[in-house]
Amino acid sequence: MRYEIDTEDRVAPGRVLLLTQEPGLVVGTYRPGHASEILCEQLNSVCRHIFRHGLWAQRWGADEGTEPSEHALLKVRFEIRPADAFPKDLVCLPQERPGEFVWLIREHHMSQQACDETNEHLRRAVKAGLWVQRWEERDDV
């Protein structure tokens, strides 16, 4: 997964998130003003770590009819939280436990509409069994 800000006016009117797929990658593009550059950078940094170390895997080709994996994520969401819930230089904090992953997002770095549209996408992805959580299997990270 990669997050970025829309510099080409590609997000549909009335929406603030555009999801596209590139080979081996889902890209979330936010309308300017709905997610900060630093948020996208920090989300991308965490995602790179997660995927490079095999802590998550995408089940390409899965859909709502695909039998879920025993390690399928059951709950994934973004939550906007007050700034005082974060260390000074962080604008996102991943919180993970078996079956659940929550991105805590520092207020003013993501609009509520962007959070809602992201969560809409995550609900569909989870229902389709697209993400597999494998961090329990890895203790070398």
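Annotations for the structure displayed:
- Summed residue charge, Cβ within 11 Å of LEU122's Cβ, Lys/Arg positive, Asp/Glu negative: +2
- Backbone N within region 108-124 under 20 Å of label point (7 Å from LEU19 Cα along the Cβ vector): 110-124
- Highest-first arrangement of 32-41, 77-86, where packing means the average Cβ count within 10 Å: 32-41, 77-86
Only the coordinates and a few stated rules stand behind these numbers; no lab work does. These numbers come from a predicted model, not from an experiment. No Cβ is skipped: glycine too gets one built from the backbone with ideal geometry, and neighbour counts run over all protein chains shown.
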